[in-house]
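Colleague: Quick one: structure below, then a few questions.
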Amino acid sequence: MTLDTNTLLYILVAGIIVAIALGLHTEWRMSRLLRGKNTKSLEDVIIKNSADIQRFKDFRKEIEIYLAAVENRLKGSTRGVGTVRFNPFKGIGEGGNQSFATAFLDERGNGVVLSTLNSRGSLSIFAKPIEKFASTYELTGEEKEAIKQAQERLNM
């Protein structure tokens, strides 16, 4: 297939028209972008945006440091609490379910378990330190159950 001179001329003219149309379209878009602005004001906007981006990056670093500190403090705060009510005098019938054992634990399983023994004439309160969900002191069944409940609440 051979192309004659007229066909080549038509293809060349069509290519030039397309190139001119693309150039005019690009010029129109640039004029819309820069309408009412000179190159100095556009440069100022770019510099201001660059400074804003850097401030946001600095702010993000500060927030990340702050959040790391907050998460670290939260690990040491009481987050797991479990309470068991019981009657220590079942055979005698005194006290009802007024006695209780409550465990207060942090994320690492450290804290305290408080126990009370209530009867009509007296109230006894006991506190035992807890480290890693265990105590160096002997724990009652109710105290162990309170620690177990607190540990379950930590895992929620």
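The values are calculated or read from the model by the stated rules, or taken from the named source; none is laboratory data. Quick caveat: nothing in here was measured; it's all calculated off a predicted structure. No Cβ is skipped: glycine too gets one built from the backbone with ideal geometry, and neighbour counts run over all protein chains shown.
Colleague: I want to confirm something. Restricting to the stretch 34-88 and keeping residues that are basic (Lys, Arg) and within 33 Å of the chain's Cα centre (by Cα), which single residue is farthest from Leu105 (Cα to Cα)?
Modeller: Step one: list which residues in the stretch 34-88 are basic (Lys, Arg), which gives 35, 37, 40, 48, 55, 57, 60-61, 73, 75, 79, 85.
Among the residues that remain, those that are also within 33 Å of the chain's Cα centre (by Cα) are: 48, 55, 57, 60-61, 73, 75, 79.
Numbers: Lys48: 50, Arg55: 40, Lys57: 37, Arg60: 32, Lys61: 31, Arg73: 14, Lys75: 10, Arg79: 6 Å.
If we take residues in the stretch 34-88 being basic (Lys, Arg) and within 33 Å of the chain's Cα centre (by Cα), then Lys48 is farthest from Leu105 (Cα to Cα).
Colleague: A further question on this structure: Which numbered condition trips up Ala19, out of (1) farther than 30 Å from Gly121 by Cβ; (2) at pLDDT 95 or above; (3) assigned by TED's automatic domain parsing to the domain that holds Ile125; (4) not β-branched (Val, Ile, Thr)?
Modeller: Answer for Ala19: the failing condition is (3).
Colleague: Right, something else. Any residue that is in a loop (DSSP other than H, G, I, E, B) and either closer than 30 Å to Thr136 by Cα or at pLDDT 85 or above (or both) - is there at least one of those in the stretch 78-86? Don't jump to the end; show me each part of the working.
Modeller: Going through the stretch 78-86, the residues in a loop (DSSP other than H, G, I, E, B) turn out to be 78-79.
Next, only the ones that are either closer than 30 Å to Thr136 by Cα or at pLDDT 85 or above (or both) stay: 78-79.
Yes, that holds for at least one residue.
Colleague: Let me ask another. Check Thr5 against each of (1) at pLDDT 90 or above; (2) loosely packed, with under 12 Cβ neighbours inside 10 Å; (3) of a type in the set (Ser, Thr, Tyr) and name the one condition it does not meet.
Modeller: Of (1) at pLDDT 90 or above; (2) loosely packed, with under 12 Cβ neighbours inside 10 Å; (3) of a type in the set (Ser, Thr, Tyr), only one is false for Thr5: (1).
Colleague: Among the numbered conditions (1) farther than 22 Å from Asn155 by Cβ; (2) surrounded by 14 or more Cβ atoms within 10 Å (Cβ to Cβ), tell me where Glu107 comes up short.
Modeller: Among (1) farther than 22 Å from Asn155 by Cβ; (2) surrounded by 14 or more Cβ atoms within 10 Å (Cβ to Cβ), Glu107 violates only (1).
Colleague: I would also like to ask the following. So which pairs qualify, if the first residue must be in the stretch 105-126 and at positive phi, the second must be crowded, with 16+ Cβ neighbours inside 10 Å and of a type in the set (Phe, Trp, Tyr), the Cβ gap must be under 6 Å, and the two must be at least 6 apart or on different chains?
Modeller: Gly109/Phe133; Gly111/Phe104
Colleague: Here are some residues: Lys128, Lys148. Which one is buried (at least 17 other Cβ atoms within 10 Å of the Cβ) and either assigned to a loop (DSSP other than H, G, I, E, B) or at pLDDT 90 or above (or both)? Break it down into steps so the answer makes sense when it comes.
Modeller: Values: Lys148 fails: buried (at least 17 other Cβ atoms within 10 Å of the Cβ).
None of the other options fit; the residue is Lys128.
Colleague: Show the residue pairs meeting these rules: Cβ distance below 9 Å; 6+ apart or different chains; first residue within the stretch 36-64 and surrounded by 10 or more Cβ atoms within 10 Å (Cβ to Cβ); second residue modelled with pLDDT of 80 or more and not hydrophobic (A, V, I, L, M, F, W, C).
Modeller: Listed by first residue and then by second, the contacts come to nothing, as the list is empty.
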